[in-house]
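Comments concern the structure below.
The values are calculated or read from the model by the stated rules, or taken from the named source; none is laboratory data. All figures in this text were calculated on a predicted structure; none of them were measured in a lab. Don't worry about glycine lacking a Cβ; one is built from the backbone with ideal geometry, like all the others, and counts go over all protein chains shown.
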Amino acid sequence: MAAKIIDGKKVAASIRLECKARVASLRERTGVVPGLAVILVGDNPASALYVGNKVKACAEAGIRSFRRQFPADIDADTLIATIESLNHDPTVHGILVQLPLPEHIDMRRVLKTIDVAKDVDGFHLYNVGGLVVGDTIFPPCTPYGVVRLLEYENIPVEGRNVVVVGASNIVGKPMALMLMQREATVSICHAKTRDLAQFTILADILVVAAGKPNLILPQMVRSGAVVIDVGINRLPDGRIVGDVDFEGVRQKAAYITPVPGGVGPMTVTMLLFNTITSAERTAGIASRAVVKEEVLLEPEG
C-alpha cells in the first residue's frame with residue numbers, strides 16, 4: 001500500500017488562517033499590527049522570488065511588510081546600520097535577512113546584529129544555541145514546519161528512531177535538536193557519512209535535507225517509515241524535485257512529503273507565525289499557540 005502523502009499546502013493553509021485570526025485579534029485588542037522587515041542584497045533571482053513570496057504571504061495574513069533592497073556591492077557597515085535601525089523601530093517585530101549574502105559580507109556578523117527578540121528566522125546564535133537547552137525564542141522556520149507537519153498527522157516522535165540526513169545550521173542541526181527535545185533518538189548523517197543506507201534503513205522517521213536529487217532510494221528506507229523530504233533541486237529539464245526518489249519510496253513508506261508542496265509551504269508559514277508571536281509578546285499577549293510551544297521546548301528536569 002502506497003504511503004499517505006502529507007499535504008504541506010493544506011497544513012500551511014490551516015495555520016495561515018490561524019495567523020490571520022491572531023493578527024485581527026491583536027489589532028482589535030491593542031492596535032498593534034505585526035511588522036516584518038525583509039532585507040534583500042543583490043539581484044539573485046531565486047532570492048528575489050523567495051522575498052516576493054514572503055511579502056505576499058504577509059499581505060494575505062494582515063502583516064505589514066517592510067522591504068529593504070540593496071545592491072550586491074553594498075558595504076557591510078551600511079547593512080549593519082540598517083539592521084540596527086530596524087532593531088529600534090517599534091513597528092518592526094521581525095527582521096529577516098535573505099540568504100545567501102555576497103561573499104564580501106560576513107554572514108555571522110549580520111545575523112548576530114539582529115535583535116534576538118526580532119530574529120523570526122531563528123538564525124541568531126542565541127536562538128540556535130537555545131535549542132540545546134530548550135529556551136530558544138524563535139525556532140528556525142523550516143524545522144519548525146516539519147515538527148508541525150508531524151503534529152498535524154499525529155505522528156508520534158517520542159522514543160522513535162529519527163535519522164536526519166544533512167547537517168546544515170539552517171535545517172539539519174536544529175531539526176535534530178528539536179526532535180531530541182521531543183525525546184526522539186536522533187542520528188545525523190552528512191556528506192562524510194560512510195554507507196548512508198545502514199543508518200537510513202533504521203529510521204522510523206527519516207528527514208532528508210541534503211540538496212542532492214534521488215539521494216534516498218527505496219532500498220534505503222524501512223517499510224512503514226515516515227519520510228520528510230526537505231530538499232529542493234532543479235533538474236536540467238526544469239523540474240523541481242526533492243532528495244528522495246518519491247515514486248519509489250512512497251511504495252514502502254507509511255507517510256511521505258512531496259516536493260514541491262510538502263515542507264516548502266510550511267517554511268514561510270512558520271515565518272508568519274513567529275512574526276505574530278513577536279508582536280504578541282511586544283503587546284504583552286501570550287496566545288495559546290505560544291504557550292504550547294514554550295511548554296514543548298521546556299528543558300528536561
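So which residues in the range 26-56 are over 20 Å from the mean Cα position of the chain (by Cα), part of a helix (DSSP H, G or I) and surrounded by 14 or more Cβ atoms within 10 Å (Cβ to Cβ)? The answer is Leu26, Arg27, Thr30. Please enumerate the residues belonging to the range 164-174 that are hydrophobic (A, V, I, L, M, F, W, C) and either surrounded by 23 or more Cβ atoms within 10 Å (Cβ to Cβ) or under 23 Å from Val38 (Cβ atoms) (or both). Scanning the range 164-174 gives Val164, Val165, Ile170, Val171.
The single condition among (1) assigned by TED's automatic domain parsing to the domain that holds Ile83; (2) at pLDDT below 95 that Ala2 does not satisfy is (1).
Highlighted here are the helices (runs of 4 or more DSSP H) found entirely within the range 138-219 that include at least 3 residues which are over 23 Å from Val241 (Cα atoms): 172-181.
Put simply, of Pro102, Pro71 the only residue that is surrounded by fewer than 19 Cβ atoms within 10 Å (Cβ to Cβ), touching a residue at least 60 places away in the same chain (Cβ under 8 Å), farther than 21 Å from Ala209 by Cα and more than 20 Å from the chain's Cα centre (by Cα) is Pro102. Applying the criterion of being buried (at least 20 other Cβ atoms within 10 Å of the Cβ) and aliphatic (A, V, I, L, M) to the residues of the range 122-159, the residue that is modelled with the lowest pLDDT is Val128.
Scanning the range 57-68 for residues that are of a type in the set (Gly, Ala, Ser) and not in a loop (DSSP other than H, G, I, E, B), which turns out nearest to the chain's Cα centre (by Cα)? Applying the filter and picking the extreme gives Ala57. Summed over the range 235-252, the residues that are assigned to a loop (DSSP other than H, G, I, E, B) and within 25 Å of Cys141 (Cα to Cα) give a count of 4.
Per the conditions (1) surrounded by 15 or more Cβ atoms within 10 Å (Cβ to Cβ); (2) under 24 Å from the mean Cα position of the chain (by Cα), the sole criterion not satisfied by Thr91 is (1).
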